[in-house]
Structure formats: C-alpha cells, structure tokens
Amino acid sequence: MPPVSATTEAPEHDRSLPAARPSRRSRLRPRPQDAFRTSPSVPQRVRRSLRRAAPAIAAYVGVRVIGLAVLTVWAHAQGHGVWPILAHAWDSNWYLGIADHGYARELGTTYDSNNLAFFPLYPVLVKAFAAVTPGSRATVGLVIAVVCSLFAAWGVFAVGDRLHGRRAGILLAVLWGALPVGLVQWMGYTESLFTACAAWSLYAVLTGRWLWAGSLAALSGLTRPTGIALAAAVSLAALLALRGRFSWRMLAGAALAPLGWLLYVGWVGHRVGRWDGYFAVQQLWHNELDGGIETLRMLRSLFFYDSTPELFLVMVSSVLIGSVLLFLLSVRGGQPLPLLVFTGLLLLIVLGSGGVYFPRARFLVPGFPLLLPLALLIARAPRRWARTAVTAAVLGSAYCGAYMVLVWPSAP
C-alpha cells in the first residue's frame with residue numbers, strides 16, 4: 001500500500017483525534033528514510049543548474065544565431081564564405097600555427113611576428129581534440145569556441161542568478177551575447193574560453209568553492225594575458241575570507257589562482273633566455289603599459305580631430321567609454337568585491353595599454369560583470385521597454401559583428 005501523502009485527508013472519524021506526539025527518544029533517533037535524504041550528488045546539482053539555466057542558454061544561442069544569419073546574408077552578397085571568416089581570421093591563424101608547429105624558440109627583432117605573445121591553453125586544446133576527432137584543426141578550433149561560449153553563457157547566467165535572481169541572470173547572458181563584438185564568441189578566438197573560466201571561477205568564489213575558483217583562474221591565466229586580473233580577484237577574495245576563519249581550501253585557492261599566468265610567463269622567459277622574456281615579446285607587439293596615454297590620444301583624435309571617423313573605431317571607443325561608466329555604476333551599486341576587482345583590473349590593463357587600439361572592445365568581452373547594471377535596469381523596466389532594449393542590442397550586435405569582419409580591414 002503506498003504511503004499517505006501530506007495532502008491526503010484523514011478519514012472523517014479520525015479528524016477529532018489529537019495527533020500522537022513522538023517521544024523524545026523517537027525524535028532524536030533518525031528515521032530509516034532519512035538515511036536516504038542526503039545532499040544532491042555533483043551530477044544532480046549540475047543537471048539542476050543546467051535546467052535552471054536552459055532558458056538563458058537558449059536565448060544566448062538565439063542571439064548568436066541572429067548575428068550569424070546577418071553575417072551569412074551579408075557575406076554571400078559580397079561573394080565571401082562564412083566558414084573562413086569564423087575559423088581562419090587573424091588571431092585564429094596564430095593559434096592554428098601554434099597548434100601545428102609550436103612556439104618560437106627565440107625572441108627575434110621583427111615587429112608583430114613572435115607567437116609567444118599568444119597563451120597556450122586554446123591551441124593545446126585544438127591540437128588535442130584534433131588528434132582524436134575528424135575534421136581540420138580550424139574546424140575543431142571553431143567548435144571548441146562555440147562549445148565554450150555555451151559554458152560561458154551558463155556561467156554568466158549563474159553569476160547573475162546568484163546575485164539578483166533568474167530574470168537578471170537571463171538578461172545578463174543575453175546582453176553578453178549581444179555585445180557589439182559578440183561575433184568573436186563564435187570565432188576561432190579565446191574570448192569564449194576565457195569567459196567560461198572567468199564566469200565559473202567568480203561563481204565559485206561567490207559560493208565558497210575555493211579550489212574550483214583557484215583552478216579555473218589558473219586556467220584563465222593560461223588562456224589570455226588578462227587572466228592575471230581574474231587571478232588577483234580570486235586570490236584577494238580568498239585572503240580576505242581567511243581573516244574570518246582559516247581554511248586550507250581558501251589558502252590553496254589563493255595560491256592556485258595566479259599559477260597558470262606565472263607558469264607561462266616564466267616558461268617564455270626560460271625559452272628565450274631572459275627573465276623578462278614575455279614582456280620583451282609584448283614590446284615587439286607594442287603592447288607596453290603607458291598609463292592610458294595612447295588610449296586618450298586615440299579618443300581625442302577620433303572625436304575632436306577626425307572629420308570622418310571610421311565607424312568601427314567609433315564603436316570601439318563607445319565600448320571603452322561605456323565600460324568605464326558601467327564600472328562606476330557597478331561600484332555604486334555595491335557589486336561584490338571579486339567582480340569589481342576583476343573588471344577594474346581588466347579595464348586598467350586594456351585602457352592602460354599602449355598597443356593597438358582597434359581590438360580593445362574584444363579584450364573587454366570577458367568583463368561580463370560590467371553588464372550587471374544594464375541587466376538590472378532592463379529587468380526592472382516595463383516589459384515593452386525591456387523588449388525594445390533587448391531587440392535593439394541584438395540587432396545592433398548583428399550589424400556590428402558583420403561590419404567588423406566584412407568591412408573593417410584589420411583584426412577584430
């Protein structure tokens with residue numbers, strides 16, 4: 001006979017009977033069925049998290065499919081194929097070259113030619129998966145980027161949901177996909193991989209999973225130079241948490257976080273035979289930090305002296321200015337310290353660089369916490385205005401992405 005559920009009515013003749021009060025001994029003794037009421041296993045928690053994030057991931061995919069559709073129509077109108085644009089453009093070829101032939105062994109003196117400037121995790125993954133799957137390495141690299149973008153959207157949603165609820169999390173994932181340069185998330189670039197590591201590392205910090213936070217931050221440090229920003233955020237958060245109570249997990253997370261970045265920078269120095277080898281490579285690419293002088297010079301030239309500014313550069317400049325404003329709003333809104341440290345250092349590195357100007361909007365793609373003030377604003381707006389804002393962002397992203405790879409003559 002099945003057990004009586006809590007909602008089943010008692011028989012009429014039993015309703016007047018007082019409920020039997022369990023004895024003290026029976027209250028203290030665990031019931032047999034309680035032994036099976038354990039905390040959910042890791043696969044169960046993952047499935048539950050994925051079900052909750054499914055609308056956000058689906059909405060993100062919809063955003064990127066619209067962008068891909070606009071790119072396809074525009075590219076075919078110009079007689080271009082879409083696959084070479086996504087899998088073989090600019091930095092993609094550098095990563096594929098590393099996967100094929102490895103890294104340079106000498107520093108050299110030629111500008112813009114030393115592949116040691118590119119961090120190793122993405123090309124290592126491309127090489128590893130290409131060895132056991134059909135298709136070219138370019139195809140494998142593109143598939144890795146797309147799959148990582150889905151994990152990134154999931155992590156972005158998880159952070160937004162954790163802080164402000166499900167609606168804000170969905171909007172945060174949609175806005176991340178609808179960035180003006182969001183197309184690079186589905187190109188053979190590292191932005192999706194880096195964002196996936198960053199989002200889940202920050203989520204791990206927010207939920208107190210310090211080993212996961214440190215390990216993912218270490219992976220981000222093997223993915224892009226700006227991984228040091230995430231490492232600093234995780235390490236600082238762990239060290240501050242240690243003031244409340246000691247935990248070896250916190251200490252290990254703080255130690256792990258910068259390990260990937262330090263290992264690669266140290267390896268480059270050893271490879272070229274000088275302690276500052278990595279920074280010497282960056283000098284060959286003209287990527288030294290100059291305190292923002294070059295950024296201010298470009299902004300002044302673009303908005304005050306250039307009578308016909310290039311549309312893509314206007315977009316890049318607008319993203320940089322908007323990101324600073326969004327960071328200030330994030331500070332005012334009381335965003336958690338790890339997120340502020342990550343985005344603040346990311347902005348400091350990107351804006352303070354004296355290197356090339358035009359890819360800087362792409363460099364800020366992993367800074368998804370900057371979008372939280374916008375996500376909250378749209379979440380609280382009337383639905384008609386919210387739909388209008390999201391639609392404008394999605395269509396604008398689709399146009400900017402296609403323009404970036406079909407009209408703009410240089411790298412994204």
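Of a type outside the set (Phe, Trp, Tyr), out of contact with any Cys (no Cβ under 8 Å at 6 or more places or on another chain) and surrounded by fewer than 23 Cβ atoms within 10 Å (Cβ to Cβ): which single residue out of Thr190, Thr139 fits that description? I'd like the intermediate steps shown before the answer.
Details: Thr190 fails: surrounded by fewer than 23 Cβ atoms within 10 Å (Cβ to Cβ).
Sole residue among the options that is of a type outside the set (Phe, Trp, Tyr), out of contact with any Cys (no Cβ under 8 Å at 6 or more places or on another chain) and surrounded by fewer than 23 Cβ atoms within 10 Å (Cβ to Cβ): Thr139.
Applying the set (1) over 20 Å from Trp285 (Cα atoms); (2) free of Cβ contacts under 8 Å to residues at least 24 places away in the same chain; (3) touching a helix residue (DSSP H, G or I) at 6+ places or on another chain (Cβ under 7 Å) to Pro134 leaves exactly one unmet item: (3).
Please state which one of Ala198, Ala232 is modelled with pLDDT of 95 or more, under 25 Å from Val365 (Cβ atoms), surrounded by fewer than 24 Cβ atoms within 10 Å (Cβ to Cβ) and touching a helix residue (DSSP H, G or I) at 6+ places or on another chain (Cβ under 7 Å).
On the way: Ala198 fails: surrounded by fewer than 24 Cβ atoms within 10 Å (Cβ to Cβ).
Only one candidate passes the filter, namely Ala232.
Sort through Gly221, Gly214, Gly227, Gly260 and tell me the only one that's buried (at least 24 other Cβ atoms within 10 Å of the Cβ) and over 26 Å from Arg137 (Cβ atoms). Write out each step before concluding.
Values: Gly221 fails: over 26 Å from Arg137 (Cβ atoms); Gly227 fails: over 26 Å from Arg137 (Cβ atoms); Gly260 fails: over 26 Å from Arg137 (Cβ atoms).
Within the list Gly221, Gly214, Gly227, Gly260, the selection yields Gly214.
Of the residues screened, Leu179 is not one that is aliphatic (A, V, I, L, M) and part of a helix (DSSP H, G or I). Condition (residue is in a helix (DSSP H, G or I), closer than 29 Å to Gln282 by Cα, in contact with a Gly (Cβ under 9 Å, 6 or more places away or on another chain) and in contact (Cβ under 8 Å) with a residue 12 or more places away in the chain) applied to segment 350-360: is it met by at least one residue? For segment 350-360, residues in a helix (DSSP H, G or I), closer than 29 Å to Gln282 by Cα, in contact with a Gly (Cβ under 9 Å, 6 or more places away or on another chain) and in contact (Cβ under 8 Å) with a residue 12 or more places away in the chain: present.
Can you tell me which residue among Ala231, Ala213, Ala168 is without any contact (Cβ under 8 Å) to a residue 40 or more places away in the chain and either charged (D, E, K, R) or at negative phi (or both)?
Ala231
Considered as a group, the residues in segment 126-144 that are touching a Leu at 6+ places or on another chain (Cβ under 7 Å) and among the small types (Gly, Ala, Ser) include one that is nearest to Leu193 (Cα to Cα), and that residue is Gly141.
Identify all residues within segment 271-326 that are among the charged types (D, E, K, R) and either surrounded by 17 or more Cβ atoms within 10 Å (Cβ to Cβ) or in a helix (DSSP H, G or I) (or both); write none if there are none.
Here is the first cut: in segment 271-326, the ones among the charged types (D, E, K, R) are 271, 274, 276, 288, 290, 294, 297, 300, 306, 310.
If the condition is that a residue be among the charged types (D, E, K, R) and either surrounded by 17 or more Cβ atoms within 10 Å (Cβ to Cβ) or in a helix (DSSP H, G or I) (or both), then Arg271, Glu294, Arg297, Arg300 are the ones that fit.
The values are calculated or read from the model by the stated rules, or taken from the named source; none is laboratory data. Note that the structure is predicted; figures quoted are calculated from it, not measured. Cβ coordinates were reconstructed from backbone atoms using ideal geometry, including for glycine residues, and neighbour counts include every protein chain displayed.
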